[in-house]
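Report on the following structure.
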Amino acid sequence: MVTPMTQQAEIVAKMRQLIQILAQHNHAYYVMDQPCISDSEYDQLFHQLKALEAQYPELIQADTPTLKVGGQALSKFETVTHAVPMLSLGNVFNYDELLAFARRIEERLPQQSIEYDVELKFDGLAISLWYEKGVLVRGVTRGDGETGEDITQNVKTIRNLPKVLTLQAGNVPDLLEVRGEVLMPKAGFEKLNADHQARGEKTFANPRNAAAGSLRQLDSNIAAARPLAFYAYGIAQCQPHHGLSTMSASLIWLEQLGFAVGERHFVCDSIEAVQSAYEQINQERPQLSVEIDGMVIKVNDLKQQQTLGFLSREPRWATAYKFPAVAALTTVENIDWQVGRTGALTPVARLHPVAVGGVTVSNVTLHNIGEIQRLDVRVGDRVSVYRSGDVIPKVEKVWPEFRPVDAQEVTLPNQCPVCASPVV
């Protein structure tokens, strides 16, 4: 079916708007290390674009971020081309999407038994490490997936990262490229912020910003003073080949070489077992030493991974299973005024129902007219609603770039909606 020209123009305009917004936030996240929206908000915008592209593949724009990874490298570090591209991961957000991921794998591997390797999804900065004859020679950021920044001097200051590899059983490879994540464990992050606060210096918003900002200092003494840690999650190259047949075995081997890996790790023989592991880790999350935002699910068998191959920006054999979002995007359908026990008028936003932190939210208090003016929220606006833990949902952000032309400004009513007496 051919899409009419006027409808085509509207769809392309929607795509262009999403691409522009995602490009701004990609730059803030990957290049400046100063993200200004949450990961879950970014994911929702990204999936809106993907859904449009799936529905109208003939209108996909050449510069869409769905075919790219990360952001351009900063000019202040030397640029390095990755020998093996550092791809991104696809995402699933619920059990149905996890089942669909498993179904796609089963269709490509008919009559084969499939094991899943399940790891923590760290919220840090992905890097690649090169070892020649067991000696660390280079550390590179992910960058745009094809090229990254040489941060070798800063990487060498990370305390838990082996600079020279040793192996009790067998030989260290001639060439080994290890991929993993640099992050700041919770305890170190809290101490760093406390120290900064005591000295009257700027504190960091979250551990990821602190880790990324530390790694990308031109003065490696600053990185050395920060409590950074490296956690390995895979091998990009190994010469001679390590001879291992599974993802889980390769993680054990990396531990034997001296690398830290995630503090929780599962091998599951069914997708139902993967779901159980996910639920267990979601419960244990507050007790973990590092910040995570989900699990990474990988086909365990390395030959099966090879058979499954890759899409343009992500492997077919792996996905990230994100925890329930604490932030979600939705639309303000109306704003009503309610009268409290003390006679105070309270504005309540009626939202298009949206799942936030595991519950469906359709009503959110806006507290008072001052809060409405501070947010500049209008009927018809796209907004971000936050709910962390058991906290009452709250409108945190209005997206003026999505504001429709007929969005209605909100004013204080002249009369009480219950008794019609004048509002003071």
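Out of all DSSP beta bridges in the chain, what portion is antiparallel? Express it as a percent rounded to 5.
Roughly 95 percent of the DSSP beta bridges within the chain come out antiparallel.
If you roll a 1.4 Å probe over the chain with all protein chains in place, what percent of the accessible area is carbon or sulfur?
Roughly 50 percent, rounded to a whole number.
Give the residue from 241, 193, 275 lying farthest towards the positive end of the charge dipole for the stretch 177-325; charges sit on Cβ (+1 for Lys and Arg, -1 for Asp and Glu) and the dipole is referred to the Cα centre.
Of the options given, the answer is 193.
Go through (1) 13; (2) 18; (3) 22 and flag the label whose value is the computed percent of Cα pairs over 42 Å apart for this structure.
(3)
At R0 = 25 Å, how high is the FRET efficiency between residue 79 and residue 160 if r is their beta carbon distance? Nearest 0.05 is fine.
That gives a FRET efficiency of 0.40.
How much area per residue is accessible in the chain when the probe is 1.4 Å and only protein heavy atoms are counted (Å²)?
50 Å²
For residue 76, go through the aspartates and glutamates and keep the ones whose alpha-carbon is under 16 Å away, minus same-chain ones fewer than eight residues off.
33, 144, 149, 150, 219
Label residue 199 and residue 111 with points 7 Å out from Cα along Cα→Cβ: what is the distance between them in nm?
Here the modelled spin labels are 6.6 nm apart.
Please label the shape of the stretch 88-215 as rounded, prolate or oblate, based on the square roots a ≥ b ≥ c of the eigenvalues of the alpha-carbon gyration tensor (a/c under 1.5 means rounded; beyond that, a/b larger than b/c means prolate, else oblate).
oblate
Roughly what angle does helix 5-26 make with the longest principal axis of the chain, taking Cα atoms, 0 to 90 degrees, to the nearest 10?
60 degrees
The values are calculated or read from the model by the stated rules, or taken from the named source; none is laboratory data. Please read these numbers as outputs of a predicted model, since none were measured by experiment. Cβ atoms come from the backbone with ideal geometry, glycine included; neighbour counts cover every protein chain shown. Calculation scope for accessible area: heavy atoms of the full protein, side chains included, ligands and nucleic acids excluded. Shrake-Rupley method; radii C 1.70, N 1.55, O 1.52, S 1.80 Å.
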